[in-house]
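Visitor: Take a look at the following structure, please.
The values are calculated or read from the model by the stated rules, or taken from the named source; none is laboratory data. Here the structure is a predicted model, which means the values were calculated and not measured. Cβ sites come from the backbone with ideal geometry, for glycine too, and all protein chains shown count toward neighbours.
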Amino acid sequence: MEIQLDVQGYYRDQSRKGFPHSAGIYFVYRGVFVPHLKTVTLRELLYIGETEDLYQRHNEHDKRDKFIMKLQEDEELFYSFALTGNISKKQRLRIESTLIYELRPQLNTQNIETYNYDKTIINVLGDRHAYVPSQIIAPSY
């Protein structure tokens, strides 16, 4: 399977009320907003997930307290996401699993040690950070 993800971001935690009611793959980071430059310095990819509704998931996330506990004094949460309206739930789960297996975010607990799919290639476009390379191939062995 080969898929293309167009990642949009980075959104500050306070902006999550403006997220779309759309299916997607999302990334949660800790980082610092630099007001005078209007830029973001990301420090760590914390979590990757998939959802039927980005708005609902981010405004009611069951791991939100864990995300916040990882923040240092000057940090806040940031998000990016790729809309996946034309991709089935089964394919989103495969994409999520591939990203978690290859990128190993600290707060993901499933799909870290095992990869249960055939070769998957994800081409990442848009607003991506060094934490998310432009191409991910799993399994990488």
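Visitor: Condition first: assigned to a helix (DSSP H, G or I), farther than 16 Å from Phe27 by Cβ and not small (Gly, Ala, Ser). Can you find one or more residues in region 94-114 that meet it?
Guide: As a first pass, look at region 94-114 and keep what is assigned to a helix (DSSP H, G or I): 94-103.
With the extra rule that they be farther than 16 Å from Phe27 by Cβ, the set shrinks to 94.
Filter once more, so that each one left must be not small (Gly, Ala, Ser): 94.
Checking region 94-114: at least one residue is assigned to a helix (DSSP H, G or I), farther than 16 Å from Phe27 by Cβ and not small (Gly, Ala, Ser).
Visitor: Checking Gln4 against (1) under 20 Å from Pro139 (Cα atoms); (2) modelled with pLDDT of 95 or more; (3) part of a strand (DSSP E or B): exactly one of these is not met. Which one?
Guide: With respect to (1) under 20 Å from Pro139 (Cα atoms); (2) modelled with pLDDT of 95 or more; (3) part of a strand (DSSP E or B), Gln4 is out only on (2).
Visitor: Just the residues that are within 15 Å of the chain's Cα centre (by Cα) and under 21 Å from Glu44 (Cβ atoms), please, taken from region 113-141.
Guide: Applying the first criterion (within 15 Å of the chain's Cα centre (by Cα)) to region 113-141 yields 122-136.
Within region 113-141, Ile122, Val124, Gly126, Asp127, Arg128, His129, Ala130, Tyr131, Val132, Pro133, Ser134, Ile136 meet the criteria.
Visitor: Could you tell me which residue of region 31-42 is nearest to Thr98 (Cα to Cα), considering only residues that are buried (at least 17 other Cβ atoms within 10 Å of the Cβ) and touching a residue at least 40 places away in the same chain (Cβ under 8 Å)?
Guide: If we filter region 31-42 for residues that are buried (at least 17 other Cβ atoms within 10 Å of the Cβ), which is where we start, we get 31, 33, 40, 42.
Now restrict to residues that are touching a residue at least 40 places away in the same chain (Cβ under 8 Å): 31, 33, 42.
Details: Gly31: 24, Phe33: 29, Leu42: 22 Å.
Across region 31-42, the extreme among qualifying residues is Leu42.
Visitor: For region 51-75, what are the residues that are modelled with pLDDT of 95 or more and of a type in the set (Asp, Glu)?
Guide: Within region 51-75, just Glu75 meets the criteria.
Visitor: Here is a follow-up. Out of the residues in region 51-72 meeting the condition of being surrounded by fewer than 17 Cβ atoms within 10 Å (Cβ to Cβ) and polar (S, T, N, Q), tell me which one is farthest from the chain's Cα centre (by Cα).
Guide: Applying the filter and picking the extreme gives Gln72.
Visitor: Only one residue in Ile48, Ile121 is within 14 Å of Leu5 (Cβ to Cβ) and surrounded by fewer than 14 Cβ atoms within 10 Å (Cβ to Cβ). Which one? Spell out how you get there, then give the answer.
Guide: On the way: Ile48 fails: surrounded by fewer than 14 Cβ atoms within 10 Å (Cβ to Cβ).
Sole residue among the options that is within 14 Å of Leu5 (Cβ to Cβ) and surrounded by fewer than 14 Cβ atoms within 10 Å (Cβ to Cβ): Ile121.
Visitor: Would you mind stating whether Ser80 is of a type outside the set (A, V, I, L, M, F, W, C) and part of a helix (DSSP H, G or I)? Break it down into steps so the answer makes sense when it comes.
Guide: Numbers: of a type outside the set (A, V, I, L, M, F, W, C): yes; part of a helix (DSSP H, G or I): no.
For Ser80, the condition - of a type outside the set (A, V, I, L, M, F, W, C) and part of a helix (DSSP H, G or I) - is not met.
Visitor: Right, next: State which residue is farthest from Pro105 (Cα to Cα) when the search covers only region 122-141 and only residues that are in a loop (DSSP other than H, G, I, E, B) and without any contact (Cβ under 8 Å) to a residue 60 or more places away in the chain.
Guide: Within region 122-141, the first condition is being in a loop (DSSP other than H, G, I, E, B), and the residues that meet it are 127-134, 139-141.
Filter again for without any contact (Cβ under 8 Å) to a residue 60 or more places away in the chain, leaving 130, 133-134, 139-141.
Working: Ala130: 13, Pro133: 14, Ser134: 17, Pro139: 16, Ser140: 16, Tyr141: 19 Å.
Among those residues, the one meeting the criterion is Tyr141.
Visitor: May I pose another question? In this structure, does Arg57 turn out to be assigned to a loop (DSSP other than H, G, I, E, B), charged (D, E, K, R) and either over 15 Å from Tyr11 (Cβ atoms) or out of contact with any helix residue (DSSP H, G or I) (no Cβ under 6 Å at 6 or more places or on another chain) (or both)?
Guide: Working: assigned to a loop (DSSP other than H, G, I, E, B): no; charged (D, E, K, R): yes; either over 15 Å from Tyr11 (Cβ atoms) or out of contact with any helix residue (DSSP H, G or I) (no Cβ under 6 Å at 6 or more places or on another chain) (or both): yes.
For Arg57, the condition - assigned to a loop (DSSP other than H, G, I, E, B), charged (D, E, K, R) and either over 15 Å from Tyr11 (Cβ atoms) or out of contact with any helix residue (DSSP H, G or I) (no Cβ under 6 Å at 6 or more places or on another chain) (or both) - is not met.
The rows are residues; the columns are (1) touching a residue at least 60 places away in the same chain (Cβ under 8 Å); (2) surrounded by fewer than 19 Cβ atoms within 10 Å (Cβ to Cβ); (3) under 20 Å from Arg128 (Cα atoms).
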{"position": "Leu5", "(1), (2), (3)": "yes, no, yes"}
{"position": "Lys17", "(1), (2), (3)": "no, yes, no"}
{"position": "Ser22", "(1), (2), (3)": "yes, yes, yes"}
{"position": "Glu44", "(1), (2), (3)": "yes, yes, yes"}
{"position": "Asp74", "(1), (2), (3)": "no, yes, no"}
{"position": "Tyr79", "(1), (2), (3)": "yes, no, yes"}
{"position": "Leu83", "(1), (2), (3)": "yes, yes, yes"}
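Visitor: Would it be correct to say that Glu102 is modelled with pLDDT of 95 or more, of a type in the set (Asp, Glu) and crowded, with 18+ Cβ neighbours inside 10 Å?
Guide: Numbers: modelled with pLDDT of 95 or more: no; of a type in the set (Asp, Glu): yes; crowded, with 18+ Cβ neighbours inside 10 Å: yes.
Spelling it out, it is not the case that Glu102 is modelled with pLDDT of 95 or more, of a type in the set (Asp, Glu) and crowded, with 18+ Cβ neighbours inside 10 Å.
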